[in-house]
Every structure is written in C-alpha cells, then in structure tokens.
Amino acid sequence: MATKKVKQPTEPTKTEIIEQYTDYCLMHGARPASVYKFAKDNGFEEAAFYKYYTSFDVLERQYFAEMFAHTVEALEQSPAYAEYSGIEKLSAFYFTFFEIATANRSFVAYTLTEGSGVLKNLMKLRELRKEFTAFAQAVLEKPFDLPHPKAEKLQQDALREGTWVQFLTIFKFWLRDTSPGFEKTDMFIEKSVKAGSDLVYNTPLQSLFDLGKFIWKEKFTV
C-alpha cells in the first residue's frame, strides 16, 4: 500500500515575510499575536521566520534599515551622483528616501505612531540611525581642519548628530504632511538643507529666517 507524502511547507523569502507582516499589521491595526501564529497562518514553519529575524521588533528595525539600503542603491545607480558635493548627496538622499517612504507610507506611519510609546517607536529607527549617521559622516565635508584629535572628534560628532536631528525633523514633518504629493515636504527638505548648510559652512541668517518663516506658516496658519 502506497503511503501518502506529506507536503512540506514552502519556506518564504525575507521579502515575503516582510510583505506578509506589513499586510497583517495594516489589515488588523495590530501585530500578530505571536511569531508561531503568524507563521502558521501564512503556511510556513516558525523556524523560517527566525532565519531572518528574532522578533517582530527586530523585523521593524530592519525594515527601516532596508529603506536606507534601497535609497543608497537608487542614488548610486545615477552616474551624476558621484560628482555631487556632500550637501547635494545629502539632499538627494532625503528626496529619494522620502519617495520610498511615501510608496510605503501606510506601514511606515503605522509603525512610528503605534501605541503611545514615543521612545519605543524611536527605538525602531535605531538601525536606520546607525546607517544614516555613518553615511552623513562619509559624504559631508568637515567645516574646519582641526589639528587636535579631541576637537576633531567633537566636530565630527556634532556634524553627525546634527544631521540626524535634521533627518528626524524632516521625518516628523513628512508624517504630518497633508499636501498633495507631499509637496510641502519637498519644500521643507530644500529649506532645511539650505539652512543646515549655511549654519555649518556659510552665513546662516537669511536661510535660517526662511526656514523659520516656513515652519511658522505651516504650524500656525491654515
């Protein structure tokens, strides 16, 4: 008598797991109850999930790191990118990153506004922060040549952390932007990069005034 072969679950790819997870979160407004249930509901073994991630928290942190990687990959496909100045590379990064973020806006917004734990949600950007600050430090020119190692480190830290704060500010603006095609985010990026560049490298007053006026208008007028 022939025995019936038991069909083995198909092992999903990393991309498929992400797609299944994001779809679940957006359809239910919450995470799956457990990795075990999530795997069974999608027809694969729990071990297949742990091949790539150790928890849903790690998956979400890696999601933003993947967005960074896709952004840099897209930029480097342009022959002109290599000729850009540091500030131009940073600006191009912002525009490309938020174009990718807009294509995935529902999940990005859900992930960063889930619950009421602001600090917990910011922790989801931990891997992105590591990748972005290394990128910013690599592309931006140092404003001063400082011979003292400690002074040089302070300058590098200030440049790196200041750029991260700028990135978070743009991120927050984008999350709240309701303009068609998120055109106001594009304007905010332009003004933020110009003001940041002037603050570090040039005379800052006019561009800082323009940025402040833009923020005031967006916050206090309808």
* Compute the distance in nm between two label points, each set 7 Å from the Cα along the Cα-to-Cβ direction, one at GLU46 and one at ALA74. => 3.7 nm
* Structure fact -> Under the 7 Å Cα-to-Cβ spin-label approximation, GLU190 and LEU26 lie apart by a distance in nanometres of 3.0 nm
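Can you give the extra length, in nm with one decimal, that the chain gains between GLU19 and GLU141 once fully stretched, where that is 0.36 nm per residue apart less the Cα-Cα distance?
On the way: separation 122, 0.36 × 122 = 43.92 nm, distance 3.82 nm.
Contour length minus Cα-Cα distance gives 40.1 nm.
Pairs of Cα atoms under 8 Å, at least six residues apart: use those to get the relative contact order of the range 1-91, whole percent.
Numbers: 37 pairs, mean separation 19.5, N = 91.
Reported as a whole number, the value is 21 percent.
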* Applying the Karplus parametrisation 6.51 cos²θ - 1.76 cosθ + 1.60 with θ = phi - 60° to the phi angles of the range 128-138, what ³J(HN,Hα) value in whole Hz is obtained for each residue in order, glycine and proline being reported as x? -> 4, 4, 4, 5, 5, 5, 5, 4, 4, 5, 6
* Structure fact -> Once both label points are put 7 Å beyond Cα along the C-beta direction, the TYR81-TYR36 separation in nm becomes 4.4 nm
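Where a number appears in this text, it was derived from the coordinates with a stated rule and is not lab data. Source: prediction; values computed, not measured. Quick reminder, even Gly has a Cβ in these numbers, built from the backbone with ideal geometry, and neighbours come from all protein chains shown.
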